[in-house]
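Structure record follows, encoded as structure tokens.
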Amino acid sequence: MAGYTGKSLRVDLSAREIAVYDTPEVLRTAFLGGRGMGVAMIDDRVTLPCDAPEMPLIFATGPLVGTAAPTSGRMSVLSRSPLTGTVFDCSVGGRFGTEMKKAGFDTIEITGVASGWVLLDIENGSVTLRDASPLAGKGTAGVAQALAGAGSHAAIGQAGENRVKFASIVFDGHYCAGRGGLGAVMGAKRLKAVAIRGSGAVQVADPEGLKTAREAIMRLLRTSPAIFGEFGLSEFGTAALVDLMHARRMEPTDNFRKTFFPGASEYSGYAMRNHFKAKKTGCAGCPVLCKKVGAGGEVIPEYESVSHFGALNGLSDMERIVEANRLCNDYGMDTISAASTIACHNEINEKQLTSDKLLQLLAEIGNANTPLGRALAEGSFRYASSMGRPELSMSVKGLELPAYDPRGAYGMALAYATSNRGGCHLRAYPISHEILRKPVATDRFSFEGKARIVKIAEDLNAVIDSLTACKFVFFAASLEEYAKAVAAVTGNGCDVQSLLKVGERIWNLERELNERNGFTAAHDDLPLRFFTEEGSSSANIRIAPLDRDAFLKARENYYRIRGYHSVNR
């Protein structure tokens, strides 16, 4: 089928066996690609411990990757999360997915444990395991320097080697499979890095049809204020949200004890762009270029990172926040979980953090070389539980919450609770309609209608993650335009409804896999703080505690719409 290479790669690090096989047709027809393929592939092993040799680490591309479809340079990484215990995928940008398709592979599945640190080196059909002991102990920047000229690469830093529960995998030194600790899965396999390069081409069934679909998508992107507007993502990156969340009084502050931080303007997207003289960069094939890099090579943090190193920890020093982000990327750690775990530690121990102490704690966590560093490396929920204060972990299913306070956007509250991978903003992203007012505005202080909206968005995002495309594009374009692109690439005649059916199938399988690991409705809940404590209200905006009964009613509506019965709860 066009849009796919038709081949997949399986690597057993224990036996040092490498096999190329035909990509099963059911993965393409029933699960599309990316996240969907990965979820189906882990089905029969999801109850294994995360560090079991048989537990797979899966890299998967979608049908649009390597084609002219806009923002299709992404891919998915999937395994079972060491942090949450749930099935877990990350969508990641950069060039790796494109190189993987050009090298001739739809998926790469890695199992086993190497006898020493190894590098998996792939060039077209040639696959080799190399000694990576010289790379051991290096951060991801050092690995990137060592592998310069070897195509695209994925690497872990010291955090992955030390199996920090929220260790990330860093692609091309900049793009992260950040959440859920998949870097620790890679570390458990003693796989330091994967380098890949290819020279092939992806077959497209209807090139003229793809050209037409691309033009329609680009037309919508160019006219979208959220994407290419004066204050849009292309100009400021996601840090443009700093000012917006500040104005809406829903920026998590002091471990979610407050929702307003007076110092936020010091690290806004506008302030960082001017201070660092930031330029645009982005993933392969992306016209938006939402990533920002300073004139001195500084990687400008995403909104979630800058807000959590800032407001959540009571800090406003822009340069220290950028340095915290750099440290996390180099050690290979999720910025959201790292910042949240430190904020949890601050509250439990009644400490006010300094910028220097923040950087010191990040180094202790990444190196896991002190008792406190090792304790925080377990994530906020395990750390808070060990201190007898589990209620102070601001997490769902053990995954720390991102930088949108749920008391300021009720759809976000429901989406956090029902997310299959834990406290995640990307499964449904109700912020798009509750705050950004796209595609239509909804009342952010009401649960009315949110159950159905969240369900549809969850299915939609499962499709986007399986194509594999970028969610930001859907602030402007819709699945209708992308369905035409998929149909043109694959020639399979798909439409919006058939794609949403695939998304629903993926979501429900994820739910089923989590149930096998003991997850129930009791895990679809928020920390008690959000139901009992008021946020930082003003004369014009009240950030009230969530109404517990209204939340539970919305969750019940969600279960009904999903068709979940008692066995699913």
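The values are calculated or read from the model by the stated rules, or taken from the named source; none is laboratory data. Note that the coordinates shown come from a computational prediction; the quantities given were computed from them, not determined experimentally. Heads up, the Cβs are rebuilt from the backbone with ideal geometry, glycines too, and the neighbour counts pull from every protein chain shown. Quick note on the areas: whole protein, heavy atoms, side chains included, nothing else; ligands and nucleic acids left out. Shrake-Rupley method; radii C 1.70, N 1.55, O 1.52, S 1.80 Å.
Points to keep in mind about this one:
- Cα-based shape type of the stretch 100-250, given that a ≥ b ≥ c are square roots of the gyration tensor eigenvalues and the cut on a/c is 1.5: oblate
- Point-to-point label distance, Asp547-Lys277, nm (Cα→Cβ direction, 7 Å offset): 5.4 nm
- Sorted largest first by accessible area at a 1.4 angstrom probe radius, with every protein chain in place, the residues Leu361, Leu327 fall in the order Leu327, Leu361.
- On the chain, 50 percent of the accessible area sits on carbon and sulfur atoms, based on a 1.4 Å probe.
- Under the criterion of Cα pairs below 8 Å and six or more residues apart, the relative contact order for the stretch 224-349 equals 25 percent.
- Adding -39500 (n - 2.57) for every DSSP H run of four residues or longer, then dividing by how many residues the chain holds, sets the calculated 222 nm ellipticity at -11500 deg cm²/dmol.
- Computed about its Cα centre, the charge dipole of the chain is approximately 320 debye, with only Lys, Arg, Asp and Glu carrying charge at their Cβ.
- Only Lys, Arg (+1) and Asp, Glu (-1) charged, at Cβ; the stretch 363-404 dipole about Cα centre in debye: 80 debye
- Accessible area of the stretch 15-139 divided out per residue, in Å², using a probe of 1.4 angstrom: 30 Å²
- A simple count of charges around Val299, restricted to other residues whose Cβ falls under 12 Å of its Cβ and scoring Lys, Arg +1 and Asp, Glu -1, yields -1.
- Using heavy atoms of the protein chains and a probe of 1.4 Å, the accessible area assigned to Arg542 is about 140 Å².
- Label-to-label distance, nm, for residues given as Ala201 and Thr29 (7 Å Cα→Cβ offset): 2.9 nm
- Heavy atoms of Val20: accessible area, 1.4 Å probe, square angstrom to 10: 80 Å²
- Fraction in percent of alpha-carbon pairs per bin - 10 Å, the stretch 482-569: 13, 28, 24, 22, 11, 1
- Comparing Ile543, Ala522, Tyr482 along the charge dipole axis of the chain, the residue lying farthest to the positive side is Tyr482, per the Cβ-charge model.
- The mean sequence separation of alpha-carbon pairs under 8 Å and at least six residues apart, normalised by the residue count of the chain, gives a relative contact order of 17 percent.
- Anisotropy class of the stretch 402-541 from Cα gyration tensor, a/c 1.5 cut: oblate
- Met1 contributes about 100 Å² of solvent-accessible surface, heavy atoms of the protein only, 1.4 Å probe.
- Of all lysines in the structure, those lying under 27 Å Cα to Cα from Lys102, and not within fewer than 8 positions of it along the same chain, are Lys7, Lys189, Lys192, Lys211, Lys280, Lys291, Lys292, Lys471, Lys484.
- The stretch 144-261, dipole about Cα centre (Lys/Arg Cβ +1, Asp/Glu Cβ -1), debye to the nearest 20: 540 debye
- Accessible area, probe 1.4 Å, largest first, for residues Glu99, Glu350, Glu512, Glu458: Glu350, Glu512, Glu99, Glu458
- Counting only the Cα atoms, the stretch 1-133 fills a convex hull of 114 Å³ per residue.
- Proximal charge balance of Ala457 [Cβ under 11 Å; K/R count +1, D/E count -1]: +3
- P(r) tail for the chain: Cα pairs beyond 35 Å make up 30% of the total.
- Positive-end residue of Gly112, Ala15, Thr532, charge dipole of the chain with Cβ unit charges: Thr532
- The slack between Ala150 and Arg10, meaning 0.36 nm per residue of separation minus the straight C-alpha distance, is 48.3 nm.
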